[in-house]
Amino acid sequence: MKVSSTQLPEVLLIEPRVFADGRGYFFESHNQREFEAAAGMQATFVQDNQSRSKKNVLRGLHYQNPQPQGKLVRVLAGEVFDVVVDIRRSSVNFGKWTGVTLSEENRFALWVPPGFAHGFLVISEHADVLYKTTGYYAPQHEHCIVWDDSDLAIAWPLAGPPELSPKDQKGARLKDARVYA
């Protein structure tokens, strides 16, 4: 596996080694030992989540505080523009974001550490997203930052207004959100 930093150094892009031939392909979608060695940290994953969304659905920007979750995100089918925002007030990168395309074609995974908000926009006809988390879902600690916060100025590749859940429509602006110290 090849691990690269993004514009936010703690957010890592993971490229698996793919073995392909005339029959198809094979790759390890996750190897705990290799992940920890490449990322230089330990992470225990306790829950897997999967979603299916249609084109132009935007989910996020989600996080839990307290009881943060790290997320290892992959796309099984389709393509998404995946966004991560640093919401640690003490960070030199507070309020900065990075975005990458994850797809069934590139097979990349993205490590979203605790202390960051996460969201994605579906840019294919549909997308199946799988993510492993380091913490259990805790709805009482769930928060959302609005996707179009002008202070973040995220360059979403939109083809018209996105489709949002009622929860995501009510997201807070970063300046009003419950962030990390």
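Only one of 80, 112 is without any contact (Cβ under 8 Å) to a residue 60 or more places away in the chain and within 27 Å of residue 54 (Cβ to Cβ); which?
80
Could you tell me which residue of segment 29-52 is nearest to residue 74 (Cα to Cα), considering only residues that are exposed (fewer than 12 other Cβ atoms within 10 Å of the Cβ) and in contact with an Asp or Glu (Cβ under 9 Å, 6 or more places away or on another chain)?
It comes out as 50.
Can you confirm whether residue 85 is farther than 10 Å from residue 120 by Cβ, surrounded by 17 or more Cβ atoms within 10 Å (Cβ to Cβ) and not hydroxyl-bearing (Ser, Thr, Tyr)?
Judged against the criteria, residue 85 is a match.
Does segment 38-50 contain at least one residue that is touching a residue at least 60 places away in the same chain (Cβ under 8 Å), closer than 23 Å to residue 177 by Cβ and touching a strand residue (DSSP E or B) at 6+ places or on another chain (Cβ under 8 Å)?
yes
Under the condition of being assigned to a loop (DSSP other than H, G, I, E, B) and surrounded by 15 or more Cβ atoms within 10 Å (Cβ to Cβ), which residue from segment 155-177 is nearest to the chain's Cα centre (by Cα)?
156
Since every read-out is calculated from the coordinates, none of them should be taken as a lab result. Please read all numbers here as calculations on a predicted model, not as lab measurements. Reconstructed Cβ throughout: ideal geometry from the backbone, glycine too, with neighbour counts over all protein chains shown.
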